[in-house]
Amino acid sequence: MLQRILSQCIPYYILSIYLLEQIGNAYLDDDTNTRATIDYYWTHAMISKETHTAVQENCGFNGTYTGLCRTAIEAANNEKGLIDESNIYASFCWDASDPQKQHASV
């Protein structure tokens, strides 16, 4: 299948879907997942460029999280706010009977 894909002019999005299906949603490790999450926030306009840069400059993603790194990641999480990360365009639901309880998107 991969040989067929490489030998033809297939649109990028189809290739991306094929590769994602082959890889799946595997958990890699904390460093890789944290870096990817911060990049996801930035590329989806959920955090500012300054915050993304602060994370990149202060985090080595090598298993050691310094105070500056933790502060930068906390800033990113605060900027992102309370949204469903898997469906960032959906409305956020609140349980009227328990306003403190958070729910996923619609």
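The values are calculated or read from the model by the stated rules, or taken from the named source; none is laboratory data. A quick note: this is a predicted structure, and the numbers were derived from the prediction, not measured. Virtual Cβ from ideal backbone geometry, glycine too; neighbours counted across all protein chains shown.
Remarks
- Count of residues meeting criterion [surrounded by 15 or more Cβ atoms within 10 Å (Cβ to Cβ) and either of a type in the set (V, I, T) or assigned to a loop (DSSP other than H, G, I, E, B) (or both)] in the stretch 28-58: 7
- The condition of being outside any helix (DSSP H, G or I), exposed (fewer than 15 other Cβ atoms within 10 Å of the Cβ) and at pLDDT 80 or above does not hold for A104.
- Residue selected from the stretch 49-81 under the condition more than 20 Å from D31 (Cα to Cα) and under 14 Å from the mean Cα position of the chain (by Cα), by the criterion modelled with the highest pLDDT: E79
- Among the residues of the stretch 59-89, those identified as at positive phi and either in a helix (DSSP H, G or I) or not hydrophobic (A, V, I, L, M, F, W, C) (or both) are G63, G81.
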